[in-house]
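Okay, structure first, notes after.
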Amino acid sequence: MTDGSTSTTSHLELEEHDKTFLDSNELIINMGPQHPATHGVLRVILKLDGEKVLGTECVIGYLHRGVEKIAENRTYAMFNPYVDRMDYVAAVSNGLGYCEAVEKLLDVKAPPRANYIRVILTELNRLASHMLWLGTHALDIGAITPLFYTFRDREEILKIFEKYCGARLTTHAFRIGGCLYETYEGFEQDVKKFLVFVAPKIDEYEELLTTNRIWVERTKGVGKISGKDCIALGVTGPVLRASGVRWDVRKAQPYAAYSDFDFEIPVGQNGDTYDRYLVRMAEMRQSLRIIRQAVEKIPEGPIMAKVPKVIKPPVGEIYHSIEAPKGELGYFIVSDGSTQPYRVRVRPPSFVNLQALDVMVRGQLVADVIAVIGTLDIVLGEVDR
Amino acid sequence: MVATLKRQFGSGIGEASTYLGQDYMVVDRSLIPEILQVLRDQEQFDYCVDITAVHYPSREKPFEVVWILYSFARNERIRVKTLIADGEALPSSVPVWPTANWIEREVYDMFGIRFEGHPDLKRILLPEGWKGHPLRKEYGIIQQDKEWVQINLGIESGQ
C-alpha cells in the first residue's frame, strides 16, 4: 500500500494501483462442514463479491444414515425409536408424527388420556427445541449469555422427560396406539411447577435481546423472505409464520388433542430474522398456554388403544403430518399388508426450509449467512436422515 | 374437482379415490407437468408438500412417483401419482414449485429417476460418484459402494 504522507501519487493513480493490487474478482469460499455456526455438519459454498453474497450452494448428506431404507427392513414398532434420531432435539414430535401415521393406517385412535399426555410432552419438547434454538442462534450472533440461561431452563424439561420415560433426548416416549407409560407420581405437579418457573424466564430472554441494540441491528431486515416465496419454496413452521402466513398444522388439520385447546398462532410481518425471533418467542408462550390447559383437564382412562401384538396394517398408504418445532413434519407410509412397512418417506421440515437459504442470503453480508442459518433452525440429523 | 379435471384431460386421469379420508388420483405420465400446473393455478394447490417415489420391482412400470400437494385456501391435501418404467424420465416440476428442486434431486439420488429440465440434477445426500440408488428394492440394506469407500475414505469397508 502506498503511504499517503510520503507519496506524491494522485488520488486517481492510487485507485489504478489498487485495481491490480486488490483482486476484484468473485471469490468462492467454503464454510463448513466442520464449522461451529452451521449447527452440525453442513457445508455451504459461498460466492462472494467482497463481503456481499452473490450465491450459495449447500452440500449436505454428511449425516445420512438411510433412515428410510432402515424402515423397510424393520417392523413398524421396531422403526419407532429410529425416528427420534432425525430431529434429535425434538424427538417427541418425531415420535408423535410416526405413531399417529401408523395409527391412521391401522384405523385406530389413541385414547383421550394418551392424547393429552402426548400434547403435554410434545409442547414441552417444542419449548426445549426453541430454547436450544434461541441459545445457539444468539451465540452465533455474539450474545453468549442466552445460551447459559436457555440450557439451564431446558434442563428442567429434560428432567421431566427423564422421570417420565427414562431418557432425556431420544425419548421414544410414545408407542403405536397410545403411550406405554402412565404418568409418574407427581407428574402434574412437576409440569405445573415448571410452568410457574419458566414463564418469567422467557421474559428474561426477551429482556436480554428484544430491545438490545446489537441484536436488533444484526437481525432486523436480515434474511428477508416473503410469504409468497415461502409457499413456493415449501417453507413451513415459524419461518413461514414470520412472513405473515397464519398457518399451523395444529390449527389447520388438528391432530392428537389440539382441537381441545385455546391458543393462537403468532405471526410476523416482515419475514426477517428479527420477526422469526419474535414469532418463536410468542410460540413459546403459546406452548405454555396449551400445556397449562392440558394439565388442568387431563382425563382419566386407558392410555393404550386396542392394537394387535403384531402390527400388520392393511394394504394402503397414508400421509400424516404434524407441526414439529421446525415446521411440517410428514410421514408417507405405504403398507403391503406385511409386518414391515413397504416404504416410509419422511418429509423433513429442516431439509425443505434449508433450501430457502440461498434466497434469503443473496445480496447480504457473509456475517448474515451465520444469522440466517441460525434463524432457519435446522437440525442436520433431520436434513440428512 | 376430479370431474372438472376429467372433463379437461379425459381418460388421462385414471383411478381417483379416497383412502382413509385422503384423496389421491393416478394420472397418465403424459399429463405431467400440465396437470400439476392446472392443480396449482386453477385448484389453488399452491404448496407442494413433497415428491417421492415407491419401487415395485415386479410391476411392468415399476416406479410410482407421488406428488403430495396442499391448498391453503381449501385446507385440503391431494396426492397425484403416476407410473413410469425403469429408465423413463419425468418432466421436472421446478418451474411449477421451486421447492421441487432439492426434493427431485433426492428422488433421483435414491431411485435413479431422472427429471428433465431440472436446473441442476445431481445427487444430494449421497456423494457424487456413488454407484447405485439405495431406495430401490434390489439394493440391499448393508450394500455399499465399496470402491468409493476405499478410494475416498481409505478404509476397507464402511460397515
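Odds and ends about this structure:
- Test for A:T219: is it touching a helix residue (DSSP H, G or I) at 6+ places or on another chain (Cβ under 8 Å) and within 23 Å of A:G142 (Cβ to Cβ): yes
- Scan of the range B:1-23 for residues that are buried (at least 19 other Cβ atoms within 10 Å of the Cβ) and either hydroxyl-bearing (S, T, Y) or under 30 Å from B:K137 (Cβ atoms) (or both), ordered by number: B:I13
- Which numbered condition A:V102 fails, given (1) free of Cβ contacts under 8 Å to residues at least 24 places away in the same chain; (2) surrounded by 24 or more Cβ atoms within 10 Å (Cβ to Cβ); (3) aliphatic (A, V, I, L, M): (1)
- If the condition is being within 13 Å of another protein chain (Cβ to nearest Cβ), of a type outside the set (D, E, K, R) and without any contact (Cβ under 8 Å) to a residue 40 or more places away in the chain, then the range A:333-350 contributes only A:V334.
- Verdict on A:S321 being small (G, A, S) and assigned to a helix (DSSP H, G or I): no
- Qualifying residue in the range A:108-120 (condition: of a type outside the set (G, A, S) and within 14 Å of chain B (Cβ to nearest Cβ)): yes
- Residues in the range B:3-37 that are more than 18 Å from the chain's Cα centre (by Cα), of a type in the set (A, V, I, L, M) and not in a loop (DSSP other than H, G, I, E, B): B:A3, B:L5, B:A16.
- Take the conditions (1) in contact (Cβ under 8 Å) with a residue 40 or more places away in the chain; (2) among the basic types (K, R); (3) under 24 Å from A:R154 (Cα atoms); A:K306 misses just one of them, which is (3).
- Single residue of the range B:45-61 satisfying the filter (more than 13 Å from the chain's Cα centre (by Cα) and surrounded by 15 or more Cβ atoms within 10 Å (Cβ to Cβ)) that is farthest from B:I103 (Cα to Cα): B:Y56
- Members of the range A:260-279 that are assigned to a helix (DSSP H, G or I) and either modelled with pLDDT under 90 or in contact with a Phe, Trp or Tyr (Cβ under 9 Å, 6 or more places away or on another chain) (or both): A:D260, A:Y274, A:Y277
- Any hit, the range A:86-98, residues being surrounded by fewer than 18 Cβ atoms within 10 Å (Cβ to Cβ), more than 12 Å from chain B (Cβ to nearest Cβ) and at pLDDT 90 or above: no
- Selection from the range B:60-74 of residues that are among the hydroxyl-bearing types (S, T, Y) and either at the interface with chain A (Cβ under 9 Å from one of its Cβ atoms) or farther than 15 Å from A:E328 by Cβ (or both): B:Y70
- A search for C-beta distances below 6 Å between a residue of the range B:134-150 that is more than 10 Å from chain A (Cβ to nearest Cβ) and assigned to a helix (DSSP H, G or I) and any residue that is buried (at least 16 other Cβ atoms within 10 Å of the Cβ) and of a type in the set (F, W, Y), counting only pairs 6+ apart in sequence or on different chains, returns B:W148/B:W130.
- Just one of (1) touching a Gly at 6+ places or on another chain (Cβ under 9 Å); (2) closer than 26 Å to A:R175 by Cβ fails for A:A256. It is (1).
- Of everything listed in (1) touching an Asp or Glu at 6+ places or on another chain (Cβ under 8 Å); (2) under 18 Å from A:S243 (Cα atoms); (3) within 11 Å of chain B (Cβ to nearest Cβ), the single unmet condition for A:G374 is (3).
- Residue match in the range A:236-244 (condition: within 12 Å of another protein chain (Cβ to nearest Cβ), in a helix (DSSP H, G or I) and touching a helix residue (DSSP H, G or I) at 6+ places or on another chain (Cβ under 6 Å)): yes
- In summary, A:G381 fulfils each of the numbered conditions (1) within 13 Å of chain B (Cβ to nearest Cβ); (2) under 18 Å from A:V249 (Cβ atoms); (3) in a helix (DSSP H, G or I) with the single exception of condition (2).
- Any hit, the range B:75-94, residues being surrounded by 19 or more Cβ atoms within 10 Å (Cβ to Cβ), facing chain A (nearest Cβ under 9 Å), of a type in the set (A, V, I, L, M, F, W, C) and within 20 Å of B:G21 (Cα to Cα): no
- Yes/no for A:Y331 being among the hydroxyl-bearing types (S, T, Y), under 17 Å from the mean Cα position of the chain (by Cα) and either assigned to a helix (DSSP H, G or I) or over 30 Å from B:H55 (Cβ atoms) (or both): no
- Of the numbered criteria (1) in a helix (DSSP H, G or I); (2) in contact with a Lys or Arg (Cβ under 8 Å, 6 or more places away or on another chain), the one B:N101 fails is (2).
- Any hit, the range A:152-171, residues being part of a helix (DSSP H, G or I) and polar (S, T, N, Q): no
- Residue in the range A:19-37 that is nearest to A:I370 (Cα to Cα), counting only those that are at pLDDT below 70 and charged (D, E, K, R): A:D23
- Residues within the range A:201-217 that are basic (K, R) and within 15 Å of A:G135 (Cα to Cα), tallied: 1
- Counting only residues that are away from chain A (no Cβ under 11 Å), surrounded by 15 or more Cβ atoms within 10 Å (Cβ to Cβ) and either in contact with a helix residue (DSSP H, G or I) (Cβ under 8 Å, 6 or more places away or on another chain) or closer than 20 Å to B:V27 by Cβ (or both), the range B:95-129 holds 6 of them.
- Note on the range A:66-128: enclosed helices (runs of 4 or more DSSP H) holding 1 or more residues that are of a type in the set (K, R) are A:67-72, A:91-106.
- All conditions but one from (1) modelled with pLDDT of 90 or more; (2) more than 14 Å from chain B (Cβ to nearest Cβ); (3) in contact with a helix residue (DSSP H, G or I) (Cβ under 7 Å, 6 or more places away or on another chain) apply to A:G301; the one that does not is (1).
The values are calculated or read from the model by the stated rules, or taken from the named source; none is laboratory data. Owing to the predicted nature of the structure, the values given are computational and were not obtained by experimental measurement. Methodologically, a virtual Cβ is constructed for each residue, glycine included, from the backbone with ideal geometry; neighbour enumeration extends over all protein chains shown.
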